[in-house]
Amino acid sequence: MAVKERVGMVVSDKMNKTVVVAVENRSPHPKYGKIVVRTKRYKAHDEENKCKEGDRVRIQETRPLSKTKRWIVAEILNQASD
């Protein structure tokens, strides 16, 4: 079975060992053809608290870690420039 992966931006790192990752989905409107951007937010496990707000990360689906957390940070693609 394939592992689900998403690439998104860290929008919150205020929780301990958890980050909120916003994933954008761009697709054309079925009737009008205009590109529609839909954003979904996932809570992801970040064991070492390495991720900061603005980082681009790859997240991977895993077993439920808490009530709302079902993803882990697989890798940090781009660090946010401060």
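Residue count for region 4-46 satisfying the condition of being within 15 Å of the chain's Cα centre (by Cα) and under 16 Å from I72 (Cβ atoms): 20.
When M1 is tested against (1) at pLDDT 95 or above; (2) of a type in the set (A, V, I, L, M, F, W, C); (3) loosely packed, with under 12 Cβ neighbours inside 10 Å, only condition (1) is not met.
Would you check if V73 is touching a His at 6+ places or on another chain (Cβ under 8 Å), surrounded by 12 or more Cβ atoms within 10 Å (Cβ to Cβ), in a strand (DSSP E or B) and on the phi < 0 side of the Ramachandran plot? Criteria met by V73.
How do the pairs read when you match residues in region 31-46 that are under 30 Å from P64 (Cβ atoms) and free of Cβ contacts under 8 Å to residues at least 60 places away in the same chain with residues anywhere that are surrounded by 10 or more Cβ atoms within 10 Å (Cβ to Cβ) and among the aromatic types (F, W, Y), using Cβ under 6 Å and keeping only pairs 6 or more apart or on different chains? Short answer, once both residue conditions are applied: Y42/W71; A44/W71. For K50, are the conditions met, namely being basic (K, R) and at pLDDT below 95? It is true that K50 is basic (K, R) and at pLDDT below 95.
Pick out the one residue from R6, R38, R63 that is surrounded by 12 or more Cβ atoms within 10 Å (Cβ to Cβ) and either of a type in the set (D, E, K, R) or not in a strand (DSSP E or B) (or both). So the residue among R6, R38, R63 that is surrounded by 12 or more Cβ atoms within 10 Å (Cβ to Cβ) and either of a type in the set (D, E, K, R) or not in a strand (DSSP E or B) (or both) is R6.
So is R58 in a strand (DSSP E or B), surrounded by fewer than 17 Cβ atoms within 10 Å (Cβ to Cβ), over 10 Å from the mean Cα position of the chain (by Cα) and of a type in the set (K, R) or not? So R58 fails the test.
Here is a check on your reading of the model: is T68 part of a loop (DSSP other than H, G, I, E, B) and either on the phi > 0 side of the Ramachandran plot or loosely packed, with under 15 Cβ neighbours inside 10 Å (or both)? Yes, satisfied.
The values are calculated or read from the model by the stated rules, or taken from the named source; none is laboratory data. Fair warning: this is a prediction, and the values are worked out from it, not measured in the lab. Every residue, glycine as well, gets a Cβ built from its backbone with ideal geometry; the counts of neighbours run over all protein chains shown.
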